[in-house]
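Notes follow once the structure below has been shown.
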Amino acid sequence: MRRLFMTGLGLSVILYLLPAVWSLTGTAEPPELLTVPQTVAGEIKNEGGGQPTITVQLEGTPVEMPLEQYVEGVTAAEIPNDFPIEAIRAQAVAARTYAVYKCRLGRSEVHPDADVCDNFSHCAAYRDPAAAAAAGTGLDRVRQAVQNTAGQILTCQGAPIAAVFHSASGPRTEAARDVWGEDVPYLQSVVSPGGSASSEYEDTVTVSADEFRKKVNEAFPSADVSGAPRTWFKASERSEAGGIITVKLGGVPVEGTAVRTLFGLHSTNFTITTTEDSISFHTVGYGHGVGLSQYGARYMAEQGASYIDILTHYYKDTVLSNV
Ligand SMILES: [Zn+2]
């Protein structure tokens with residue numbers, strides 16, 4: 001029997017690294033997480049023993065392509081070509097693993113004619129390698145990393161894992177339990193240096209008290225935000241990694257992920273300062289903070305770690321296997 005966990009639409013966010021020319025960020029449904037990997041519905045197609053294929057919904061149209069081509073497109077969209085090769089290899093394996101995991105879950109109602117889509121807030125970003133090449137974007141290292149790791153995925157207890165990833169963590173990654181409310185053995189909090197190399201590592205979002213009231217009144221009608229802003233936030237509960245799990249907002253417990261979504265914050269690891277007529281959120285880290293940190297992978301690679309070291313650091317108790 002499989003266990004799927006959805007913690008509520010819009011309450012959590014999957015963010016992807018995409019500096020400079022890459023697009024950035026977005027709000028997503030929580031990933032479907034299997035805490036105990038077991039037999040599930042779909043499978044990667046591998047008819048006749050040839051190359052595995054996957055059907056990808058690209059700008060609304062289902063396209064069947066070799067799995068490895070898809071992995072190249074996702075890796076190209078997710079990590080800069082000039083990152084260290086071991087970090088790109090780690091990203092390639094994570095992208096491939098997540099694709100296989102999604103296939104095994106079965107097709108989403110959002111795209112019943114495709115295994116995955118190119119919407120990063122639902123499945124994963126995809127960048128057509130040919131179009132990127134035509135636009136003058138070098139993808140030689142991405143291509144090399146995908147080829148070097150062809151067919152490799154991470155498994156836990158013999159099943160592909162939900163290899164979620166994000167741009168940059170604070171000093172530690174978040175455990176899935178603290179962000180999505182369900183404990184996943186391989187998605188625990190681990191130390192993750194290197195996030196501060198991201199230009200997005202720290203960020204501040206300031207909203208006026210009026211705008212804040214309006215948004216909170218719409219999203220949480222029972223929250224009382226009638227007094228002075230300094231009285232609105234109480235009793236926040238933080239994760240081991242520093243992210244806000246819940247905070248009392250106008251007397252109502254609100255999840256950190258909900259605050260993040262409502263105000264477009266870079267992460268749930270935030271502190272709040274108020275004035276008489278404004279509220280500022282200062283965030284550390286970029287993304288949901290669960291699983292592989294792309295800047296953490298870069299840092300580890302710079303310290304001499306292999307992609308396998310990186311992957312097994314961020315995804316606990318997993319092993320490299322073949323599709
Ligand atoms: Zn999708």
Original post:
Dividing the convex hull volume of the alpha carbon atoms of segment 202-284 by its residue count, what do you get in Å³ per residue?
Top reply: 74 Å³
**OP:** Using a 10 Å cut-off on Cβ atoms, rank the peptides 123-134, 292-303 from the highest mean neighbour count down.
**Re:** 292-303, 123-134
Subject >> Where labels lie 7 Å past Cα in the beta-carbon direction, separation of Ile85 and Asp210 in nm >> reply: 5.8 nm
Original post:
Stretched out fully, how many nm does the piece from Ala131 to Ala150 gain, at 0.36 nm a residue minus the Cα gap?
Top reply: 4.7 nm
Original post:
Excluding Gly195 itself, what net charge comes from residues whose Cβ is under 14 Å from its Cβ, given Lys and Arg +1 and Asp and Glu -1?
Top reply: -3
Original post:
Among residues other than Asn81 whose Cβ falls under 12 Å from its Cβ, what is the net charge (Lys/Arg +1, Asp/Glu -1)?
Top reply: -1
**OP:** For Gln157 paired with Ala228, estimate the spin-label separation in nm (one decimal), with each label point 7 Å from Cα along the Cα-to-Cβ line.
**Re:** 5.3 nm
Original post:
Given a cut-off of under 8 Å on Cα pairs at least six residues apart, what relative contact order in percent is computed for segment 202-284?
Top reply: 35 percent
Subject >> Cα centroid of segment 164-218 to Cα centroid of segment 229-284, whole Å >> reply: 11 Å
**OP:** Could you calculate the contour length gain from Leu320 to Val63, that is, 0.36 nm times the residue separation minus the distance between their Cα atoms, to one decimal place in nm?
**Re:** 89.7 nm
Original post:
In segment 84-193, which GluC sites (Glu not before Pro) fall in coil by DSSP and have 12 or fewer other Cβ atoms within 10 Å?
Top reply: Glu109
Subject >> For segment 47-163: span of alpha carbons on each principal axis (Å, largest first) >> reply: 35, 34, 31
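Every read-out reported here was derived from the displayed coordinates using simple, explicitly stated rules and does not represent laboratory data. Note that this is a predicted model, so its numbers are computed, not measured. Glycine gets a Cβ as well: all are built from the backbone with ideal geometry, and neighbour counts include every protein chain shown.
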